[in-house]
1. Averaged per residue, what accessible surface does the chain expose to a 1.4 Å probe, in Å²?
2. How big is the dipole moment of the stretch 2-236 about its Cα centre under a simple scheme where the beta carbon of each Lys and Arg is +1, that of each Asp and Glu is -1, and everything else is neutral? Debye, nearest 20, please.
3. Tell me which residues come under 5 Å, amide H to amide H, from Leu82 once H is placed; ignore anything under 5 positions away on its chain.
4. I need the calculated FRET efficiency for the pair Ile126 and Thr243, taking r as the beta carbon distance and R₀ as 45 Å, to the nearest 0.05.
5. Alpha carbon centre of the stretch 184-235 versus the stretch 48-109: separation in Å?
6. For the chain, what is the calculated [θ] at 222 nm in deg cm²/dmol (nearest 500), taking -39500 (n - 2.57) for each run of four or more DSSP H residues and dividing by its residue count?
7. Under a 10 Å cutoff between Cα atoms, tell me which one of Pro226, Pro209, Pro146 has the largest fluctuation in the Gaussian network model of the chain.
8. Expressed as a whole percentage, what fraction of the accessible surface of the chain belongs to carbon and sulfur atoms when a 1.4 Å probe is rolled over the protein heavy atoms?
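The values are calculated or read from the model by the stated rules, or taken from the named source; none is laboratory data. Keep in mind the model is a prediction, meaning the values are calculated, not measured. Here the Cβ positions follow ideal geometry from the backbone for every residue, glycine too, while neighbour counts run over all protein chains shown. In case anyone asks, the SASA skips ligands and DNA or RNA and just uses the protein heavy atoms, side chains included. Shrake-Rupley method; radii C 1.70, N 1.55, O 1.52, S 1.80 Å.
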Amino acid sequence: MIALITGATAGIGKSTAYKLAENKYHLILTGRRKEKLDAIQEDIEKKYNVKVLTLNFDIRDKQQCQQQLNQLSDDWKQIDVLINNAGLAQGLSTVDKGLEEDWDTMIDTNIKGLLYITKIVSNWMIARKKGHIINVGSIAGKEVYPNGNVYCATKHAVDALNKAMRIELLPHHIKVSAIHPGMVETEFSLVRFKGDAQRAKQTYTGIQPLTPEDIAESIWWMINRPAHVNINELVIVPSAQATARDVIRN
Ligand code: NDP
Ligand code: 8X3
């Protein structure tokens, strides 16, 4: 079995790579940080008896997405599971004060990058009449919160695309699922606050957030259901979080 995970250099994507390797999946891992991809490849191949292929590119670059995937050997194109995980938030401010370059980054990564990869891989799955696509959405795709505007919009788009793909790929026997996490402690907040570690840490102060392993565990559970069962979507939050805005802190 082969899984392709986008954004596997950190956080949820990285933990999911380890979880699937543990369950004997061969892996195609993508990300922009080559040294991290190389280290993860070496470590997984050492620990688990699986093959890991790394693809080092920016998912916003349509040509790179096409070039990097299309040059895969026929064996590696037999992808059973695609995990559309690469994504990010940049900035936290009202629309009137938002930065256009942050909007472009979020829209190009979270929506357009996901589409570029999905188009290519879904064609391979259609040819094989099987496969499972898991889209990593967010609680931000289920509700909006102040200052989250464009990030929330991109994750609402992921929610819509997840539903659309499920309908369109149904005749081809391809399962489509989404996981919508609340607060997970990864590099997410560090990226959102552009390297401000103190502000990133404050996001999780006084609560026990989800870990990327919690999400990986749930993704594996979705993948590992019997053939006749599909989990359409799963919303998962820390016990201390009820909605994007309702969080109880110590
Ligand atoms: P991390 O920042 O820890 O990981 C993000 C991953 O996405 C990295 O591997 C990064 O790789 C990759 N990525 C980002 N931009 C690009 C790009 N342009 N091209 C290729 N890869 C890219 O965050 P998380 O693990 O938390 O985030 C994973 C997903 O989960 C995202 O879609 C996020 O929106 C979603 N999510 C996160 C939540 C949280 O609270 N943490 C909650 C809900 C959803 P690299 O930088 O090496 O390119
Ligand atoms: C990340 C969760 O609530 O910080 O998608 O937007 S949130």
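1. With all protein chains present, the chain gives 48 Å² per residue.
2. 520 debye
3. The answer is Leu4, His132, Ile133, Ile134.
4. After rounding to 0.05, the efficiency reads 0.75.
5. 17 Å
6. -12500 deg cm²/dmol
7. Pro226
8. Ligands and nucleic acids excluded, carbon and sulfur give 52 percent.
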